[in-house]
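Below is one structure, written out as structure tokens, with a few remarks after it.
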Amino acid sequence: MFGTFQEAILARLGGDRRYALSGPGFERDVGDPKAWQSPGMVLRDEHGNELWLSGCSGGYRGTGPMGAGYILLKEGFAQEQLRLVLTCDPLHLAKGSAPLVAERNPDKSESAEDADFVERLLDAEASGYFQSLQEA
């Protein structure tokens, strides 16, 4: 079982899904088969256990970052950190601290739409856009 998630690592997926997450906090041996099947988001708990999620990502506007943002919101990451999900690739967050890695996507400038990302997540939740697993 997982503990409380303390870190999140996000990256935009490659077109052929063979994109390997890289950067500080996510070092993998290229000989490791998992390095070539990396997801767009990894959550790490206080014991170092990792949950790999393939449908979540960051660095652009879309359903992947929307799902990632919602999960991070529910896991208690700061709203200031969530605002980086759309514009940074890669992104490495730790609860209670500044981002460990936050490289702004050079093709992505922040817009008014990005500024209200957290509010849109809350609105989507209230509207039933994100269905609870308990209800499914």
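In table form, for the structure just shown:
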item: Scan of segment 53-95 for residues that are of a type in the set (Asp, Glu) and either in contact with a helix residue (DSSP H, G or I) (Cβ under 8 Å, 6 or more places away or on another chain) or surrounded by 16 or more Cβ atoms within 10 Å (Cβ to Cβ) (or both), ordered by number; result: Asp89
item: Those helices (runs of 4 or more DSSP H) lying entirely in segment 39-136 with at least 1 residues at pLDDT below 85; result: 112-115
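The values are calculated or read from the model by the stated rules, or taken from the named source; none is laboratory data. Everything numeric here is computed off the predicted structure, so don't read it as measured data. Don't worry about glycine lacking a Cβ; one is built from the backbone with ideal geometry, like all the others, and counts go over all protein chains shown.
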